[in-house]
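Comments concern the structure below.
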Amino acid sequence: MIQLDSVSKRHGGQILFVDASVAVFRGERVGLVGPNGSGKSTIFRLIAGQEPPDAGQVNIDKNTSIGYFDQNVGEMQGRSALEETIAGAGEVADLWHELQLLESQMADPAEFERLDELVERFGTVQSRFDELDGYSLEARAHEVLAGLGFSQTMIAGDVGALSGGWKMRVALARVLLMKPDALLLDEPTNHLDIESIIWLEGFLKSFDGAIILTSHDQAFLNRVVMRIIDIDEGELVTYSGNYDFYREQYRLRREQHAAQYARQQAMLAKEQAFIDRFKARASHAAQVQSRVKKLEKIEKIEPPRQRKRVVFDFRRPPRSGDDVAAVEHVHKAYGDLRIYEDFSLLIRRNERWCIMGVNGAGKSTLLKLVAGDATPDAGSVRLGGSVKLGYFAQHAMEILVGERTVLEMAQQQFPLAGLGVLKTLLGAFGFSGDETEKRCSVLSGGEKARLVLALMMFDPPNFLVLDEPTNHLDMDTKDILIDVLANFEGTLLFVSHDRRFLSALSNRVLELTPEGPRVYAGGYDEYVAQSGHEAPGLRG
């Protein structure tokens, strides 16, 4: 269905692909992986026809329709979320609008002379519309939007009033509603909560066409894809299986390559030593010449390339008292919306609480109350003795000064730290080489989050309150953060939609439900086993 044939592509001085080939067939669900900047989004643009290859060909089967979702939402206003979703759904939406126009024209006395022409066109359009399941279009749009977390009020409301994250969901809904032959999905799980991610998993697994997608959600990739294409130093390498299988095979492949390289280097060194030892002796001239020719004919194995990961030795935080935070008989409401009524929670040292709840249940509100960013209407929130609190939320990025570089921000925060130490810290969070000279004003959302987390963890607090810390983080940075927090000798209170993050770090679960809060002993895995669902919105 889709084939890249000996494709080469560069951006400026950076070579992305050299003579790369890959094919994707109907019914395949393929995950596209590789380091940031390796060219994943470029492959999507090549297939979508938005960019040409420098060499080679991109072949798409005739009459193949392609739905492409990326992070560029565009303008949305003046229509309801439902209308916006239908309007952007490609051919089926165009046919829907044309049918409405034709119906109006056929009922217009002024168009009587064209009636036969209009009826004939109506029949043609109606046939194609029916073929695309168009008569269920509005119902399917409702279903997709509801699956992506929209309430009925939001579906009917002005799309222009939605936040950027919700507009992103509308853009995703439009592509899913198209029912194309092939779906290209570039980070579709960004801005989705667990319930929506799990709904999307089910939708994609039942999709008949081809799917190529990228995602920083490891659990999502494991459940959806059946093949991985890895962009590895200009090559496209295919692995059959899910993401975990790919990781293991990638490791084995690297080990085998390293072993082959080491064996060849040892053989070459041995042959070269013989040549160097006997090249001046006439009695060994024939043997020396034979070995020289042998070395010239050997195809040299390239040294193994390693994806660099900088390790930073994070400091141990000071010890807090045993009672870290006490929420006592708290009431909190926003207008008529009651979030908490007589709510109490005690957080003790070294506990790692993850907060589960549907949108609007009060997850972020609880974090704000504990962090002092909000005050209760009644009741109290107290921090314990010797508690040093660090709070990460989306507004945490406001500490970054646009004109300062990444390195300058680190130097401003820690003026007594050595330059080498700060560069190692930044390297551990993905800022290496010239990237430390980037101005904060040009950083992406993920880069800003990485920088703020790096600054927070340099001199770590003993109580971390984290609101969606993995948003926009790539897998390598998530791995770093999970490793850092797994070894963190302090207390955690956090919200995340990343199931791997939840599973790796929690040892207590607070679930916020309409019936009231529920506490689960054990972490996220135990919560799933005890509750029978992966998220509160999936119950029943």
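The values are calculated or read from the model by the stated rules, or taken from the named source; none is laboratory data. Everything quoted here is computed from the prediction, not taken from an experiment. Note: ideal-geometry Cβ built from the backbone for every residue, glycine included; neighbour counts use all protein chains shown.
Filtering 224, 175, 237 for residues that are under 21 Å from residue 47 (Cβ atoms) and in contact with a Gly (Cβ under 6 Å, 6 or more places away or on another chain) leaves a single hit, 175. Selection over segment 509-539 of residues that are part of a helix (DSSP H, G or I), without any contact (Cβ under 8 Å) to a residue 60 or more places away in the chain, surrounded by fewer than 15 Cβ atoms within 10 Å (Cβ to Cβ) and among the aliphatic types (A, V, I, L, M) gives a count of 1. Can residue 273 be described as part of a helix (DSSP H, G or I), over 30 Å from residue 390 (Cβ atoms), in contact (Cβ under 8 Å) with a residue 40 or more places away in the chain and not assigned by TED's automatic domain parsing to the domain that holds residue 389? So residue 273 fails the test.
To keep it simple, each residue is scored yes or no on (1) without any contact (Cβ under 8 Å) to a residue 40 or more places away in the chain; (2) touching a helix residue (DSSP H, G or I) at 6+ places or on another chain (Cβ under 6 Å); (3) within 18 Å of residue 478 (Cβ to Cβ).
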position	(1), (2), (3)
412	yes, no, no
417	no, no, no
426	yes, yes, yes
429	no, yes, yes
432	no, no, yes
437	yes, no, no
441	yes, no, no
449	no, no, yes
454	no, yes, yes
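What do you reckon, is residue 60 over 21 Å from the mean Cα position of the chain (by Cα) and surrounded by fewer than 20 Cβ atoms within 10 Å (Cβ to Cβ)? Yes, satisfied. The residues on offer are 234, 241, 209, and the sole one that is within 24 Å of residue 73 (Cβ to Cβ) and either surrounded by fewer than 22 Cβ atoms within 10 Å (Cβ to Cβ) or not assigned by TED's automatic domain parsing to the domain that holds residue 13 (or both) is 209.
Check segment 140-147 and report whether any residue there is crowded, with 17+ Cβ neighbours inside 10 Å and touching a strand residue (DSSP E or B) at 6+ places or on another chain (Cβ under 8 Å). No, the conditions are met nowhere in segment 140-147.
Residue check: residue 381 meets all listed conditions (1) of a type in the set (A, V, I, L, M, F, W, C); (2) assigned to a helix (DSSP H, G or I); (3) surrounded by 16 or more Cβ atoms within 10 Å (Cβ to Cβ) but one, namely (2). Tallying residues that are of a type in the set (A, V, I, L, M, F, W, C), in contact with a Lys or Arg (Cβ under 6 Å, 6 or more places away or on another chain) and in contact (Cβ under 8 Å) with a residue 40 or more places away in the chain within segment 321-370 yields 4. In this structure, residue 386 qualifies as out of contact with any His (no Cβ under 8 Å at 6 or more places or on another chain) and either outside the structural domain of residue 464 (by TED's automatic domain parsing) or part of a loop (DSSP other than H, G, I, E, B) (or both). With respect to (1) touching an Asp or Glu at 6+ places or on another chain (Cβ under 7 Å); (2) assigned by TED's automatic domain parsing to the domain that holds residue 218, the lone exception for residue 71 is condition (2). Any idea which residue in segment 309-350 is modelled with the lowest pLDDT, counting only those that are of a type in the set (Lys, Arg) and over 30 Å from residue 420 (Cβ atoms)? The qualifying residue modelled with the lowest pLDDT is 338. Just one residue in the set 58, 73 is in a loop (DSSP other than H, G, I, E, B) and among the hydrophobic types (A, V, I, L, M, F, W, C); that residue is 73.
Filtering segment 150-160 to residues that are of a type outside the set (A, V, I, L, M) and crowded, with 19+ Cβ neighbours inside 10 Å leaves only 150. Taking segment 276-302 as the range and being at pLDDT 85 or above, surrounded by 11 or more Cβ atoms within 10 Å (Cβ to Cβ) and not in a helix (DSSP H, G or I) as the test, the residues that pass are 298, 301.
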